[in-house]
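Heads up, the thing below is written out as structure tokens.
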Amino acid sequence: MPPLAAGALTEKVVIDRHTGLAIGGYDPVAFHTDGRAVPGHPDFELQYGGAVWRFCNSGNRAAFAERPDVYMPRFGGYDPVGIAHGVAVAGKPEVWLISDSHLFLFHNSRRLEAFIADARHLTSAAEQKWPAVLQTLSP
């Protein structure tokens, strides 16, 4: 397996405190390649950013290892609507959207619909508030 790309962006990500899995063990690459949420497999794991990431195959694991900045969910998998309001709310892998080539996870379908209705404004607001929200998250 190739090493992770040097200088790759790291940010705090939604991690299950009991398992250490990022984004519920779902394959972050599959959202982009398969257009659906696909559970990862324990045989295809990678440690990155303090979390265990799972993938459905070795090719997806290799793609993530090479470019985690492309495949990691935006705002670490926290709901962008919550972030736009200054609150870290964990997104759920079952409620997601690829927008502007970024994976976004949402807490529920109502928040997804709100984001779709005003994606540009909510993304901008979330980007502005994200550094402050990061400071509130546990290491």
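We did not get these values from a lab; they are worked out from the coordinates using the rules stated. Keep in mind that what you see is a predicted model, and the values were worked out from it rather than measured. Glycine also receives a Cβ, built like all others from the backbone with ideal geometry; neighbour counts cover every protein chain displayed.
Rounded to the nearest 0.05, what FRET efficiency do ILE98 and HIS121 have when you use their Cβ-Cβ distance and R0 = 22 Å?
Working: r = 19 Å, r/R0 = 0.84.
It comes out at approximately 0.75.
Angle between the Cα long axis of helix 119-136 and the longest principal axis of the chain, 0 to 90 degrees, nearest 10?
70
Nearest-5 percent of antiparallel DSSP beta bridges in the chain?
95
For a protection proxy built on the mean count of beta-carbon atoms within 10 angstrom, sort 75-84, 36-45 highest first, please.
The most tightly packed comes first, giving 75-84, 36-45.
Just the Cα atoms of the chain: what Rg and Dmax do they give in Å?
14.1, 40
Nearest 500 deg cm²/dmol is fine: what mean residue ellipticity at 222 nm does the chain get from its DSSP H runs of n ≥ 4 alone, each adding -39,500 (n - 2.57), divided by its residue count?
Details: 6 runs with 51 residues, N = 139.
Rounded to the nearest 500, the figure is -10000 deg cm²/dmol.
Suppose every K and R has +1 on its Cβ and every D and E has -1 on its Cβ; what is the size of the dipole of segment 35-139 about the Cα centre, in Debye to the nearest 20?
The dipole magnitude comes to about 120 debye.
Apply the Karplus curve 6.51 cos²θ - 1.76 cosθ + 1.60, θ = phi - 60°, to the phi angles in segment 80-92 and return the couplings in whole Hz, x for Gly and Pro.
For segment 80-92, the Karplus curve yields x, 5, x, 4, 4, 9, x, 10, 8, 10, 4, x, 10 Hz.
If you add up the charges near GLY82, with Lys and Arg at +1 and Asp and Glu at -1, over every other residue whose beta carbon is less than 11 angstrom from its beta carbon, what do you get?
+1
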